[in-house]
Amino acid sequence: MGWRPALVAAAFLLSACNIVPSRVPLGEPFPAGTARTLDGDPVKFPDALSEGPVVLAIAYTDEASTDARRWVDAIAARKPTVRAWRMHVTPGTVGILLGPFIDDGERNRTPERERATTIAAYGDLADAVATQTGMGKAERSRVLLVRADGVIAWFCDTGFADARVDDLIATLSGSDSGPGPR
């Protein structure tokens, strides 16, 4: 194993030491802060919400990233007008120190067409997101519908399923079938 993969593995192991229990953040404002796309462009919250709601598929691990990609792809196929982003979150000092290496690895694994909709958060924003959604069951992504006013209107942390995507699409369409399966 080369030194970069070893550093990334160490980052995930160290960040796993600070597991925050899972929680349901419905009705709460999404944290303010700046993330970056894999192209390097800043994504500032809550400013990024001014154009309307955003679906964020948050991943803390590689396994969760695969789950998040399935969510984003399904939403793009069923409701292409909705902004849906994969958000890699690495909280703690480890994320700050190893963020550039983690981004390089993600950039190499992510097709160019998906880089503008794949964002990474480190530092204060990552810590706030991890505290808000929790990191228990980190192999699953946390999917949030964040309204234009910054409030989380839908949440799911039970893994990808077509029925859950249908529920999210119904919520987006205004025929709210509930706050999500949790």
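Those residues that are among the hydroxyl-bearing types (Ser, Thr, Tyr) and touching a strand residue (DSSP E or B) at 6+ places or on another chain (Cβ under 7 Å), I need them from segment 151-172; list them, please. Talk me through it step by step, then tell me what you get.
We begin by selecting, within segment 151-172, every residue among the hydroxyl-bearing types (Ser, Thr, Tyr); these are 158, 171.
Passing the criteria: only Thr171.
Could you pull out the residue among Leu144, Leu125 that is assigned to a strand (DSSP E or B) and touching a Phe, Trp or Tyr at 6+ places or on another chain (Cβ under 9 Å)? Walk me through how you get there before you give the answer.
On the way: Leu125 fails: assigned to a strand (DSSP E or B).
When all the criteria are applied, what remains is Leu144.
Residue pairs, Cβ under 7 Å, 6 or more apart or interchain, first in segment 33-45 and over 13 Å from Tyr122 (Cα atoms), second modelled with pLDDT of 95 or more and not in a strand (DSSP E or B). List them.
Phe45/Phe30; Phe45/Pro31; Phe45/Ala32
Considering segment 87-113 alone, what residues qualify as being free of Cβ contacts under 8 Å to residues at least 40 places away in the same chain, surrounded by 15 or more Cβ atoms within 10 Å (Cβ to Cβ) and within 24 Å of Val146 (Cα to Cα)?
His88, the sole residue that qualifies.
Ala74 fails exactly one of the following numbered conditions: (1) at pLDDT 95 or above; (2) under 14 Å from the mean Cα position of the chain (by Cα); (3) of a type in the set (A, V, I, L, M). What is the number of that condition?
(2)
Does at least one position in segment 117-130 carry a residue that is out of contact with any strand residue (DSSP E or B) (no Cβ under 8 Å at 6 or more places or on another chain), surrounded by 15 or more Cβ atoms within 10 Å (Cβ to Cβ) and of a type in the set (Gly, Ala, Ser)?
No, segment 117-130 has no match at all.
The values are calculated or read from the model by the stated rules, or taken from the named source; none is laboratory data. Because the structure is predicted, anything quoted here is derived from the model rather than measured. Using ideal geometry, Cβ is built from the backbone for each residue, glycine included, and neighbour counts are taken over all protein chains shown.
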